[in-house]
Every structure is written in C-alpha cells, then in structure tokens.
Amino acid sequence: MLSWALTFLVISLIAAVLGFGVVAGTAASIAKLLFFVFLVLFVISLLIGRRSAAL
C-alpha cells in the first residue's frame, strides 16, 4: 500500500514539473488517500498484534 502511495507521489511530481496540472492534482490526491489508508491499516495491525501477543 505504501509503495502505491509513493508511486502516485512520484507521478504527481513528474506531472507537476512537466506542467500537467490536472494529472498532478489527481495523482497527488490518490497518493494522499493511499497514504492515510496505509497509516490506518498500520495502526490497526499494531493494536491487533499487541492484543494477541498479550493473550
């Protein structure tokens, strides 16, 4: 998931340098969304991992 976010971030940076505003904005939005989804899943997996280790 994090690799997809980084991929879209790189795409948005390249598109911004080349002047493709709509493509850059869309790719940046997707990168932000994927990053936050990855972050939530990471926190959930940490909590579940600690809970099962305590049992």
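Values in this text are rule-based calculations from the coordinates and carry no lab data. Please read these numbers as outputs of a predicted model, since none were measured by experiment. Neighbour counts run over all protein chains shown; Cβ positions are idealised from the backbone, glycine included.
Figures for the structure shown
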item	result
Residues of the chain classified as hydroxyl-bearing (Ser, Thr, Tyr) and surrounded by 14 or more Cβ atoms within 10 Å (Cβ to Cβ), total	3
Close pairs (9 angstrom Cβ cut-off, 6 or more residues apart or separate chains): touching a residue at least 12 places away in the same chain (Cβ under 8 Å) in the range 7-25, among the basic types (Lys, Arg) and in a helix (DSSP H, G or I) anywhere	Phe8/Lys32; Leu9/Lys32
Those residues of the range 27-46 which are over 13 Å from the mean Cα position of the chain (by Cα) and β-branched (Val, Ile, Thr), in sequence order	Val43, Ile44
